[in-house]
């Protein structure tokens, strides 16, 4: 024991003392490079985030400002639990979020696995390029497309329906169909880039694994199941963690533009971001801030818990 | 010969089945775009009677004539969009690159703090209304062109980590050699790091530009002045508000109110919307796919951990 202590003592004396910051010129210069980014972070990340934490507990008054307004405790939150529309909004947000969190990546994985089987390189490139088109269009342009298809008077959908001998419908009045439409648009949008991510991972797999499996007589499904899919799990996990704020956040673009902000559709298309946007337009700042605060809390819990789950299942794939 | 034989990687699904599937899937992407183009080329009467079609029922350039009859609004929107997307991307690249470079250096002692901070900003953020109040009341950004540029140019966590991953692949001995020769870090960044990392600058820059080009939300929340509309926001208003569309057609002309009314009645509405859409989105959709490789490169943020 005494020897060990001696050893440790001698070791500490060998390790060079950490330079003081005054003498560590390199770090000082590097710190200087960070400063523009740091200022940006403080101004456009920390201050708005700070305001988001403080504002829900204030009776916001434009003249007094965010910090100057009087504290009112939890008053902004009491109405939330009485509100009916907010309950509906929360239910929509969470259900869509949960659904999209899994349906998107799963479709992406399936497409990536299928693309992996395409032999011709030129065909492969073509398919990938075509599927990536929506990434270069804004959601506004996509809303033009959905309008061209769904429009009750002129839309292609009703043409097809009348061709098949069915009566025309006005999609903008039929509530149950909207979850389907929004899912289709969401998957359609994301599949190009999303599958590319998984495809890149598949391309990186050592081909000798497949050769060995083939020699052992593994079928196509077995190769997919035991070689390809396990290699996609890390990305899937990462996407799950990074995507989990979407559970409570949702995509404003998708839910605001595709249903064209039609009021009768709110029961199935209204989610937190669109709700908050309306609160902003109406000028009910304090209440909106309170809802936003709850949203942030929920998304924090979601990230931490999804990271926790991933860390339990496969520790090397967790984010932190 | 056997050495250059095609590597037999694995059992594949039957090619015919696969290709049929992907051709059908591709049609799901191509046909909707054809629909938009065809509609813009159809005469208004044909739309009113027959609706939208993949192929123009009655070919007409009337809608495009109306768009270019009074093009000032759309040209202005093009200008605003191009300027803001370029400016925010260029400034953003410099700032992001500068902040990511120190994080890639092993001897930077504040690395952990900055990495944690960027990771935080990726995962949690301020909500819409307080952010709006801070931007508009304290920074006075609302209804100015700066609201497009200033918040977008500050370093986002994703791009910082993309840069950092790339910078880490540059051998550190290069920097040490430069330091021995007496180079300062700023000099190293501009003279060594940037020339070696054009690929990542192109990737992040292109992504930022596409984001800026397709931005309509900022205009929706912060902009009242129609002179500062981005292209996408202009399009959104055109699709949803017929009145706005009509005010664009008549413009601020010296025509009598009655003559203006006549123009409003005669002008196409549905085909005009789609013509606007093609004029606004078309050029970029044609250009962007050529840069696709920059878009997909570095998509993997898997190396965030660190």
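When B:16, A:94 are arranged by Cβ crowding within 10 Å, least crowded first, meaning fewest neighbours, the order is B:16, A:94.
Considering only alpha-carbon pairs that sit under 8 angstrom and 6 or more positions apart, the relative contact order computed for chain A is 24 percent. By the count of other C-beta atoms within 10 Å, a proxy for reagent exposure, A:253, A:261 are ordered fewest to most as A:261, A:253. With contacts taken as Cα pairs under 8 Å and at least 6 residues apart, segment B:15-62 reaches a relative contact order of 35 percent.
Legend: ranking of residues A:188, A:79 from fewest to most surrounding C-beta atoms inside 10 Å; resulting order A:79, A:188.
Note on A:144-156: average number of Cβ atoms from other chains within 10 Å of each residue's Cβ is 6. When you work out D = kT/(6 pi eta Rh) for segment A:192-320 at 20 °C and 1.002 mPa s, using the Kirkwood radius from C-alpha pairs as Rh and the Stokes-Einstein form, the result is 119 µm²/s.
Packing around the peptides B:39-45, A:305-311, A:47-53, taken as the average count of other Cβ atoms within 10 Å per residue, puts them in this order, highest first: B:39-45, A:47-53, A:305-311. The distance separating the Cα centre of segment A:102-152 from that of segment B:75-148 comes to 29 Å.
Computed from the coordinates by the stated procedures, all read-outs in this text should not be read as laboratory data. In this text the structure is predicted, and so the values were computed from the model without any measurement. Quick reminder, even Gly has a Cβ in these numbers, built from the backbone with ideal geometry, and neighbours come from all protein chains shown.
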